[in-house]
1. Just a yes or no: is a residue in the range 33-48 modelled with pLDDT of 80 or more and closer than 18 Å to Ser86 by Cβ?
2. What is the number of the single condition among (1) surrounded by fewer than 17 Cβ atoms within 10 Å (Cβ to Cβ); (2) in contact with a Leu (Cβ under 7 Å, 6 or more places away or on another chain) that Leu231 does not meet?
3. Going through Leu270, Leu202, Leu173 one at a time, which residue ends up being outside the structural domain of Arg83 (by TED's automatic domain parsing), assigned to a helix (DSSP H, G or I) and either under 17 Å from the mean Cα position of the chain (by Cα) or surrounded by 16 or more Cβ atoms within 10 Å (Cβ to Cβ) (or both)?
4. Any idea which of Val158, Val166, Val143 is touching a residue at least 24 places away in the same chain (Cβ under 8 Å) and part of a helix (DSSP H, G or I)?
5. Taking the range 179-188, which residues are surrounded by 13 or more Cβ atoms within 10 Å (Cβ to Cβ) and either without any contact (Cβ under 8 Å) to a residue 60 or more places away in the chain or among the acidic types (Asp, Glu) (or both)?
6. Can you work out which of the residues in the range 200-239 that are touching a strand residue (DSSP E or B) at 6+ places or on another chain (Cβ under 9 Å) and of a type in the set (Lys, Arg) is farthest from Ile81 (Cα to Cα)?
7. In the range 137-170, what count of residues is obtained for those that are under 29 Å from Leu231 (Cβ atoms), of a type in the set (A, V, I, L, M) and exposed (fewer than 12 other Cβ atoms within 10 Å of the Cβ)?
8. Looking only at the range 115-132, which residues are under 17 Å from Arg261 (Cβ atoms) and among the aliphatic types (A, V, I, L, M)?
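The values are calculated or read from the model by the stated rules, or taken from the named source; none is laboratory data. Just so you know, these numbers come straight off a predicted model, no measurement behind them. Reconstructed Cβ throughout: ideal geometry from the backbone, glycine too, with neighbour counts over all protein chains shown.
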Amino acid sequence: MSGPRPAPGTPERTPKQHPTHPRGCVFSWGHARKAIEPIPYNTGKGLHPMIKFNCDKCDMEIELEDNLAGTKYECLNCGDINRVPSPTGSDPIPFEHDEAVDSKHIDKAAKAGFPPDQGPEVRVLKVRRCWFRSRVIRFSLTVLIGLLSLIGLIWVPVTDQSIWWVALFAPLLLMSIGLLTWWWIDRLSASLEITTKRTVMLKGFFSKSSSEVVHDNIRNIQIDQTFTQRLMKVGRIGISSSGQDGIELQVNHLKDPEYLRQVIDLYRPL
């Protein structure tokens, strides 16, 4: 049974249509309710296969998603920097996999004849302080005074000179020997060790203390040289990381600090 017919001249009312639906699709609250219902999130496993590997330093098991293969990951246990391997059974990830990964620096290090950054941590080089080249004038004067004092101590008894000459030459000889010994101990008490992943400063002769900076976190490398040190190719090197305000590692009297900076830059993500 049909309803009352509209009066003549009255426009016929048509059902409202949803603006985004095809023509003829009638809008209803059922459609609106479906449109605002949240889409369920797929929490099922197997979306991203996981990669399991052990830390190179502490052997702790690390589990990451496979899309991180070829990148670097810092171990939460020991802080060692590890390269995430490719998933088992898949093709190896090329070094140019990600522009953010510093694999290009690994190629530079290997091309320069140094150990590559990939794999376990390996020592690249270890340098100690110079005890002659960093103090040429003082060292030469000390050696000269020591030799003259030794000659004087031999000259006094041979020529029957006054014993007061011994009181002059003996302290000078002891002072020269003491300075040379101190500089030698100072040379052995500090060293700078560069590995494929970090730079370590070791200090102490009888007791030892160390400080290190990971190459990926190095913010600045500072080199200070006097005029004489520039001529002799020695100087002071200082290294600061992104998490510190001042210089963390600083060693003076090192041979060719510019060369040391170039070696460290091979393993930095520049």
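1. no
2. The number of the failed condition is (2).
3. Residue meeting the stated conditions: Leu173.
4. Only one candidate qualifies: Val143.
5. Those that are surrounded by 13 or more Cβ atoms within 10 Å (Cβ to Cβ) and either without any contact (Cβ under 8 Å) to a residue 60 or more places away in the chain or among the acidic types (Asp, Glu) (or both): Leu179, Leu180, Trp183, Asp186.
6. For the range 200-239, the residue satisfying everything is Lys233.
7. Residues meeting the conditions: 2.
8. Val124, Leu125, Val127
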